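Beneath this line is the structure, given in structure tokens, with notes to follow.
The values are calculated or read from the model by the stated rules, or taken from the named source; none is laboratory data. All values reported here derive from a predicted model rather than from experimental measurement. Here Cβ is always computed from backbone atoms with ideal geometry, including for glycine, and neighbour counts include all displayed protein chains. Please note that ligands, DNA and RNA were not included when accessible areas were found on the heavy atoms of the full protein model with its side chains. Shrake-Rupley method; radii C 1.70, N 1.55, O 1.52, S 1.80 Å.
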Amino acid sequence: MAVKKSLLPKVGKTRIVPMGLKILLIFISLILLSNFATNFISTKLSQKQIIDLNNTIMVQQLKEMYSNSSNQFQIYSYSQDLESCIASQKKVAASGFENPNSVALAVKNDGSIAFLAGNNPETVWKKFTDEDSLHLLKADKDIDGIEEGSINFSMEDGEYFGVYKYQSDWDYFLIRAEKRADLSLNSRRILLYTSIIIVGLTVVFIIIGFIIIRHEFRAVDAITRDLFDMQKKKQLELIDLSDAPNDDITYLAASFNSLSSSVNNLLGTFQKFVSKDVVAKAYSDQGIGLEGSQQELTMLFSDIKSFTYRTETLGNDIIDVLNVHYNRAIRQVHENYGVVGSIIGDAILAIYGTLESPYTKSVNAIKAAWGITKVTAELREIMIKRREEIEKDRKLTESEERIFQAVLLDVGVGVDGGNVFYGNIGSNEHMANTVIGDNVNSASRLEGLTRIYHLPVIVSGYIKDEVEKESGKEKDFIFYEIDTVQVKGKTEGKKIYFPFDKKHMSEETASKYEIFEDGLKAYYEGDWKNARKFFKNCELEVAEVFLERIGSKNAPADWSGIWTMTTK
């Protein structure tokens, strides 16, 4: 299924607008503003020209009205047929109308209308209601002797403009006028049509411009996509500049690649010395401070057995052996969503619960524990095969035998969990990421118990309970109770368990551990006689610890089932 790419991707809550689109929108806005402004100014200038043209036409029509009125006055002087003469004047006045509300009328000095001719049948005026305009007409005639000119007046249906001429024979003003709204309507219609043409052409040019800018800015789009992907992954990478042109944007991207390479090198070095979650916090928060908090985490403690002997035998070469071991062991920690808290000589402290994972922290810790045990065993197998190849030709010398035994690494792993302090301690000049708490010490003590009970992995009841509570998932481990011990420095007993990987458990092995569990039950109850039978029959190395512990004795009278350890 193809991934849908957004034209305007988001970084956080902010939309990222492509530079090409911004430029295109700016040019579109400026072009539209320029075109509409030009169109508006042109329309206004045209409107003035139209008014002037209308005035010229109306003056010509007014002259015809005036001539006809003079003729009709002479006819009236002979015939005294007023109605017929007014009708004749109205007929002549009604000719030449072009607009819907064009009018021609004769207004007497008292405001009464002698006749009215209009293009709109609904225009019926009984009186010239604009008294101010009528007063100006009479003042111009009586005071200044002006008997013709232009006029603007208002009636009940709107504003009009036109020309007038005083007809002295009839003693009224002849007016030829147009409704201003008709001219504005025409202007708006012209403005609308012109705007539609502008918008249409603009759309065409937008499409053409978008195609051109899209083509020219294709490298910018590619660079932006790469940067956006880096932002989502929170990881710096190199931008592909194979198809980029030789412009300043490409130069900036090349500079970014140089910076990205330097930062990645620093991060790569940085994350080799600190845990993954600290690196992620440093990258996302742009800084690390002296801070920490109480968290519920799981701790894994792994230690190499008989390390003193190996150091004495190998000398400085122990470093090479440790690096081979750590390379494999730390990979198991990371692959199971853990972080390395510290490396102390031959021991590793790993922390689970600080990274997101599909499994609980204790499941991850147990998987890592078995992974470390497995890769250590594989390393031993490699060394054994190497010895076999050598011994095909000759026997190992005494010193070679000691070296061989020294490189046959074996580890013990203890796992415990609970509330601990996790964070950074130290000073602003030097700090360390660490975990502090009683459960950290407990993981170390559980690892120490692997030497006593001859088991590769031992976990606490906390780990057992968390794994078994994990719902909705098939259980990969079965927990066998090993003992209840009171470690040195503690006042209470603590149950310890062996987490057996069910995938590698045969029916025979399961049967042996079931017998061991029966023996442990009798051991707790103080029935050491039956406990000895079960321990002998189970044929497990861990049972030898109990057989040696109880010997041929009976349980003490104050027996509580808790074994007190005298060493850490």
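A few points about this structure:
- Residues satisfying the criterion are absent from the stretch 501-511 (criterion: open to solvent by less than 80 Å² (accessible area, probe 1.4 Å), in a helix (DSSP H, G or I), among the hydrophobic types (A, V, I, L, M, F, W, C) and over 20 Å from Val459 (Cα atoms)).
- For the stretch 380-392, the criterion of being at pLDDT below 90, at positive phi and of a type outside the set (S, T, N, Q) is met by no residue.
- Of all positions in the stretch 304-313, none carries a residue that is more than 32 Å from the chain's Cα centre (by Cα), closer than 20 Å to Tyr352 by Cβ and at pLDDT 85 or above.
- Put simply, of Lys512, Lys503, Lys488 the only residue that is at pLDDT 90 or above and of a type in the set (Lys, Arg) is Lys512.
- Complete set of residues in the stretch 182-222 that are at pLDDT 70 or above, within 34 Å of the chain's Cα centre (by Cα) and of a type in the set (A, V, I, L, M): Val203, Ile206, Ile207, Ile208, Ile211, Ile212
- Residue in the stretch 309-320 that is on the phi > 0 side of the Ramachandran plot and not aromatic (Phe, Trp, Tyr) present: yes
- Against the criterion of being of a type outside the set (D, E, K, R) and either open to solvent by 40 Å² or more (accessible area, probe 1.4 Å) or not in a helix (DSSP H, G or I) (or both), Gly519 does not qualify.
- Residue in the stretch 158-168 that is surrounded by the fewest Cβ atoms within 10 Å (Cβ to Cβ), counting only those that are over 17 Å from Asp142 (Cβ atoms) and either among the acidic types (Asp, Glu) or touching a residue at least 60 places away in the same chain (Cβ under 8 Å) (or both): Glu159
- For the stretch 314-358, the set of residues classified as of a type in the set (Asp, Glu) and over 30 Å from Ser399 (Cα atoms) consists of Glu335, Glu356, listed by residue number.
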